[in-house]
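Quick notes on the structure that follows.
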Amino acid sequence: MAIAVLTKAGGHKKLAVIYRAHRLFGGLSMRLLISFFALSLLGAVAQSGCNSAEQKNKSGPIAIASPAPPAPNDGARRITTTELQDLLAKNQAVVIDVRNEASYNSGHIHGAKLIPEADLPNHLSELPKDKLIVTYCS
């Protein structure tokens with residue numbers, strides 16, 4: 001659409017035609033905006049489709065097995081919880097908790113006796129000689 005404007009130039013009336021910028025560029029801007037929106041929407045749908053297919057293929061987090069830390073070379077025998085349960089059931093072991101009293105009171109192995117590590121030399125006579133003595137600190 002054009003707008004006719006009358007101007008005076010050198011005493012003569014001249015007709016100048018001014019095109020409205022928003023009409024010339026407005027249609028183009030609107031087409032660009034709609035195209036951008038449509039492409040954005042299409043990209044979002046494609047991305048969500050890829051993600052949902054990827055989620056269906058996942059069965060869960062993949063656990064990476066880390067190598068077991070090397071056993072300390074202190075000469076102390078290590079046992080598993082299953083071995084401990086078996087030894088306790090056969091009355092062949094005694095469990096000594098060498099943590100402090102507060103830690104012991106917050107939770108300990110059932111049947112464990114509290115002897116803090118610093119006091120252990122003072123209680124050696126209380127420990128049985130015919131059973132496996134199992135200590136733990138965490």
Quiz item: When Ile133 is evaluated against the numbered criteria (1) within 39 Å of the chain's Cα centre (by Cα); (2) under 20 Å from Thr80 (Cβ atoms); (3) modelled with pLDDT of 90 or more, which criterion, by number, is the only one it fails?
Solution: (1)
Quiz prompt | Answer residue from the stretch 48-93, given it is at pLDDT below 90 and acidic (Asp, Glu) and is nearest to the chain's Cα centre (by Cα) among those | solution = Glu54
Practice problem: Could you list all residues from the stretch 82-118 that are under 10 Å from Val134 (Cα atoms) and surrounded by fewer than 17 Cβ atoms within 10 Å (Cβ to Cβ)? | Solution: Leu84
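Kindly provide the set of residues from the stretch 87-107 that are more than 21 Å from Arg77 (Cα to Cα) and of a type outside the set (Gly, Ala, Ser), ordered by number.
Of the stretch 87-107, the ones more than 21 Å from Arg77 (Cα to Cα) are 100-107.
Across the stretch 87-107, the qualifying residues are Asn100, Glu101, Tyr104, Asn105.
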Quiz item: For the stretch 73-128, which residues satisfy the criterion of being assigned to a strand (DSSP E or B) and without any contact (Cβ under 8 Å) to a residue 24 or more places away in the chain?
Solution: Lys113, Leu114
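The values are calculated or read from the model by the stated rules, or taken from the named source; none is laboratory data. Just so we're clear, the structure is a prediction, and the values are computed from it rather than from any experiment. Ideal geometry is used to build each Cβ from the backbone, glycine not excepted, and the neighbour counts take in all protein chains shown.
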